[in-house]
Amino acid sequence: MNFSIEQLLAFVTVYEERSFSKAAAKLNKHRTTTGQVIANLEDVLAVELFERIGRKVEPTEEGSLLYHYAKATIEQSNTFDKIALSLAYGAIEGITFAYSSVVPHGILSDIRQQLSQDFPNLRVNFVVKTKEQIEDGLESGEIQFGLVNSDKGKGMYGKDVTFIGHVEFLPFVKKGSAITKLPNSSILAALRTTRQFVLSAFIDEGLEDKVVMSANNEQVDQLALVIKLIQSDLGWAWLPKVMSESQYVTEHLEPVMFDELKHGIKLSFSLWNPHSQQILSIKKSIISAIDNYIIHFRDIQNQYP
């Protein structure tokens, strides 16, 4: 059976647009040409892919089944092109590392330190982005690495995805505040009636139902600002358990546990990057830094039962 990537691309585009005219415009082709490409593909496959209903196009049952395989084949072809191109060029001078605002700053600092040791001349830009922005940036080439919460993740066609591990979040309050003096049986009720600061990344990634406990809640973009607000005893927030790594945090903030909370909220994190020979060594350096960070602070994480 002999079919081309061009035919599969036309098929996928018509399927997604549900229109020969819209697909042709997206492919920068004439409508008649796109229709003929689909007709030729149907002849090769001996399968009808679409039902033509006036100007509307609806996929057949066979077309719906084949769409997912065609989509994956196109993405694999794109990955092949990118890898081949990366082999043709030398080392890169700089990278952009995007991350969710809920990522502890300590891990980012360790990554930068490791990269400084392994690649002294590498320029590294750290930027806070949403998961959607990171995915778009990886696709466009503006971002080389993304550290993201992958709890509600979807399949990443054509991307290299490495599961990093789980980060546990606990409710943090000002050290010595009124809530810390309450019995465990009363803490939950107090948190529900106290101002809660919610990192915007939680909302952007659809985790509102999981993290919002107080009706009196406010969104904040930056992790550092949340810490400052809690220090001022203006409210509380879910923060990474490993925040205990910071002497500044331990001097001003502390996590609280209550009868209804046996464990904190655990979120999965993954490292995203494109398939590229150029950045493989950089990726190894980043993974090494993350692994060392996890090992170093495992004992600290276990301090709080």
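The values are calculated or read from the model by the stated rules, or taken from the named source; none is laboratory data. Every value quoted in this text rests on a predicted model; they were computed, and no experiment measured them. Heads up, the Cβs are rebuilt from the backbone with ideal geometry, glycines too, and the neighbour counts pull from every protein chain shown. Accessible surface areas use protein heavy atoms only, side chains included; no ligands, DNA or RNA. Shrake-Rupley method; radii C 1.70, N 1.55, O 1.52, S 1.80 Å.
Among the residues of region 234-257, are any assigned to a loop (DSSP other than H, G, I, E, B) and modelled with pLDDT of 95 or more? Talk me through it step by step, then tell me what you get.
First, the residues of region 234-257 that are assigned to a loop (DSSP other than H, G, I, E, B): 234-235, 246, 256-257.
Subset that is modelled with pLDDT of 95 or more: 234-235.
There is at least one residue in region 234-257 that is assigned to a loop (DSSP other than H, G, I, E, B) and modelled with pLDDT of 95 or more.
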First in region 39-58 and part of a loop (DSSP other than H, G, I, E, B), second anywhere and open to solvent by 40 Å² or more (accessible area, probe 1.4 Å) and of a type in the set (A, V, I, L, M), Cβ under 8 Å, 6 or more apart: 47/66; 49/66
Does at least one position in region 276-296 carry a residue that is surrounded by fewer than 18 Cβ atoms within 10 Å (Cβ to Cβ), outside any helix (DSSP H, G or I) and at pLDDT below 90? no
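Which strands (runs of 3 or more DSSP E) sit wholly inside region 99-196 and have at least 2 residues that are closer than 24 Å to residue 71 by Cα and touching a residue at least 24 places away in the same chain (Cβ under 8 Å)? Working first, answer last.
Numbers: elements: 123-128, 145-149, 159-174.
Answer list for region 99-196: 145-149, 159-174.
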Mind checking whether some residue in region 61-83 is modelled with pLDDT of 90 or more, more than 30 Å from the chain's Cα centre (by Cα) and open to solvent by less than 30 Å² (accessible area, probe 1.4 Å)? yes
Is there any pair with a first residue in region 259-272 that is within 15 Å of residue 111 (Cβ to Cβ) and a second that is among the small types (Gly, Ala, Ser) and open to solvent by 10 Å² or more (accessible area, probe 1.4 Å) whose Cβ atoms are under 6 Å apart and which are 6 or more apart or on different chains, and what are they? 270/150
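Being small (Gly, Ala, Ser) and more than 24 Å from the chain's Cα centre (by Cα) is the filter; apply it to region 204-243 and report the residue that is most open to solvent (accessible area, probe 1.4 Å).
Within region 204-243, the first condition is being small (Gly, Ala, Ser), and the residues that meet it are 206, 214-215, 224, 232, 235, 237.
The next check asks that each one be more than 24 Å from the chain's Cα centre (by Cα); those that pass are 214-215, 232, 235.
On the way: 214: 3, 215: 101, 232: 65, 235: 8 Å².
By that ranking, first place goes to 215.
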Which condition does residue 57 not pass, out of (1) touching a Gly at 6+ places or on another chain (Cβ under 9 Å); (2) surrounded by 16 or more Cβ atoms within 10 Å (Cβ to Cβ), if it passes all the others? (1)
Considering region 13-36, residues that are crowded, with 21+ Cβ neighbours inside 10 Å and among the hydrophobic types (A, V, I, L, M, F, W, C), and then whichever is nearest to residue 73 (Cα to Cα), we arrive at 14
Counted residues, region 189-203 - those being surrounded by fewer than 19 Cβ atoms within 10 Å (Cβ to Cβ) and either within 24 Å of the chain's Cα centre (by Cα) or not β-branched (Val, Ile, Thr) (or both): 6
Filtered residue count, region 15-38, keeping only those that are part of a loop (DSSP other than H, G, I, E, B) and either hydroxyl-bearing (Ser, Thr, Tyr) or closer than 14 Å to residue 59 by Cα (or both): 2
